[in-house]
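J.: The structure under discussion is supplied below as structure tokens; questions concerning it will follow.
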Amino acid sequence: MAHVKATFSEISYLQQINQHTTRDGEFCPSSMIILGGAGGGKSQYCKNEFAEIVRQARGLAAGEVVVELTQAAIRDDQEYAGVGVPQKADKGLVTRFSIPNLIERLDELRANGAKCIVLVVDEVSAASDAIQKLFAPVADKFDHRLGDHVLGNDVVIAMTGNRAKDKAGSRRLLAHLPNRACVYDLQVDHAAGADWLEDHDCHSLLVAAVRSLDGFISEASPTEDGQMCSMRQVEQTSDWLKTAEEIGEFTDYVTPLLEKGIASYIGIDAAAMLTSFARQLAEGIPTAEEIFAAPNQAKVPSNPASQQFAVNRAIAEIAKHGPEAGNKLMDYVNRIAPDLAIIAGVKVARASVRNNILLNSDLAGAFMIKHHDLIQLTAV
């Protein structure tokens, strides 16, 4: 069956309407199912942005909406429905069912102050037929029943899963679920993805690549011929590349060995694209000599990734440029993009300490005072 394609921003717009739906004075939004490739951010979206949409729709305070995630694909249906246990009764034996752990967990969250619970049922398309049938009444906004237990209107249902074509052990959903929920086939939004990566301190080179390179993010499934380049893998690549940068293995040139390391996360084709892109960004940026000679006049590239490369170059050579090198580099850092300037300033402070260079200018001193917590928390 075909499902409507939508980006996260479009889903958010549509859910802002859905989550305000009421009947007889009670909230009764439709449940939501998001299907899409692995690593596209479906679960993170449900736990963060979607939960915030729910909170605003219900007018609740921060902390009054909580998220509970359960992975349907790794569970047995008895874990959700409860186990039948024969018990004696006045007229013989009767079967009574145990209380599922999920029901106990929801009650625990309510007891701890939750006024609304976003229940994220993850990997539902890889779950067994029995579990999909079991969760059909849960998804029904007029039922909201798990086995013999009614969840209540304070529980909002969001389900996620891969599509059959994603080769992630998933298959088409049984008709029981799509018949009870609004279903979206996630469409990749590179601009929004780049914004999210930037907001979460992803390496500027990768943020720029996501924004600029057509085909860098791939919706194709991973095969023996190559790894896939998903947002999740880009985020992991960012952590790896920032570590290489911190220990002095990466400045602005992606060596063949570094490219191989990148390819292990995002695939050979995407790594080659990133290597070529990095080479282009490095062209025309100021040298370390130019920055230290005239930090207030040296060229500041427009692209944040190029700015970071320029600072990296200068940090790599800070020991060669005398006792004022740290102060001069701080002057240059003060001219780059504000968000990047904080990260770069911390790196300059660390490099100065390692090389016994004093940071004693007014600008450097103000930065050290304002961001002392970041500098202390970062290992020298």
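J.: Could you check the range 108-154 and list, in sequence order, the residues that are free of Cβ contacts under 8 Å to residues at least 40 places away in the same chain and acidic (Asp, Glu)?
T.: Glu108, Asp143
J.: Consider the range 269-306. How many of its residues are buried (at least 18 other Cβ atoms within 10 Å of the Cβ) and closer than 18 Å to His321 by Cβ?
T.: Of the residues in the range 269-306, 7 are buried (at least 18 other Cβ atoms within 10 Å of the Cβ) and closer than 18 Å to His321 by Cβ.
J.: To continue, here is another question. So Glu52 ticks every box in (1) modelled with pLDDT under 95; (2) more than 12 Å from Tyr184 (Cβ to Cβ); (3) of a type outside the set (Lys, Arg) but one. Which box is left unticked?
T.: (1)
J.: If you don't mind, there's one more thing I want to ask. What pairs can you find where one residue is in the range 199-220 and loosely packed, with under 15 Cβ neighbours inside 10 Å, the other is hydroxyl-bearing (Ser, Thr, Tyr), and their Cβ atoms are less than 9 Å apart, with a gap of 6+ or different chains?
T.: Short answer, once both residue conditions are applied: His200/Ser238.
J.: Answer yes if at least one residue in the range 358-371 is under 28 Å from Leu197 (Cβ atoms), open to solvent by 10 Å² or more (accessible area, probe 1.4 Å), touching a residue at least 40 places away in the same chain (Cβ under 8 Å) and part of a loop (DSSP other than H, G, I, E, B), and no otherwise.
T.: Among the residues of the range 358-371, not one is under 28 Å from Leu197 (Cβ atoms), open to solvent by 10 Å² or more (accessible area, probe 1.4 Å), touching a residue at least 40 places away in the same chain (Cβ under 8 Å) and part of a loop (DSSP other than H, G, I, E, B), which makes the answer no.
J.: Pick from the range 36-54 the residues that are of a type outside the set (Ser, Thr, Tyr) and in contact with an Asp or Glu (Cβ under 7 Å, 6 or more places away or on another chain): which of them is most open to solvent (accessible area, probe 1.4 Å)?
T.: The qualifying residue most open to solvent (accessible area, probe 1.4 Å) is Ala38.
J.: I'd like to verify a number: residues in the range 80-101 that are in contact with a Phe, Trp or Tyr (Cβ under 6 Å, 6 or more places away or on another chain) and free of Cβ contacts under 8 Å to residues at least 60 places away in the same chain, how many?
T.: 2
J.: Quick one: would you say Thr95 is open to solvent by 60 Å² or more (accessible area, probe 1.4 Å) and either touching a Pro at 6+ places or on another chain (Cβ under 6 Å) or not charged (D, E, K, R) (or both)?
T.: yes
J.: Here's another thing I want to ask about it. Determine whether the range 240-252 contains at least one residue that is of a type in the set (Ser, Thr, Tyr), at pLDDT 90 or above and in contact with a strand residue (DSSP E or B) (Cβ under 6 Å, 6 or more places away or on another chain).
T.: No - not one qualifying residue is present in the range 240-252.
J.: Separate question: For Ala314, are the conditions met, namely being assigned to a helix (DSSP H, G or I), within 18 Å of Cys202 (Cβ to Cβ) and open to solvent by less than 20 Å² (accessible area, probe 1.4 Å)?
T.: Judged against the criteria, Ala314 is not a match.
J.: Does Lys320 satisfy the criteria of being more than 25 Å from Val207 (Cβ to Cβ) and in contact with a Phe, Trp or Tyr (Cβ under 7 Å, 6 or more places away or on another chain)?
T.: When the stated conditions are applied, Lys320 does not pass them.
J.: Still on this model: Asp239 passes all but one of (1) over 16 Å from Gly39 (Cβ atoms); (2) in a helix (DSSP H, G or I); which number fails?
T.: (1)
J.: Is the range 106-117 home to any residue that is under 23 Å from Gln15 (Cα atoms) and part of a strand (DSSP E or B)?
T.: Scanning the range 106-117 turns up at least one residue that is under 23 Å from Gln15 (Cα atoms) and part of a strand (DSSP E or B).
The values are calculated or read from the model by the stated rules, or taken from the named source; none is laboratory data. On a predicted model such as this, the values are computed, not experimentally measured, just so you know. For neighbour counting, all protein chains shown are included, and Cβ atoms are generated from backbone atoms with ideal geometry for every residue, glycine included. Keep in mind that these areas ignore ligands, DNA and RNA; they rest on the heavy atoms of the full protein, side chains included. Shrake-Rupley method; radii C 1.70, N 1.55, O 1.52, S 1.80 Å.
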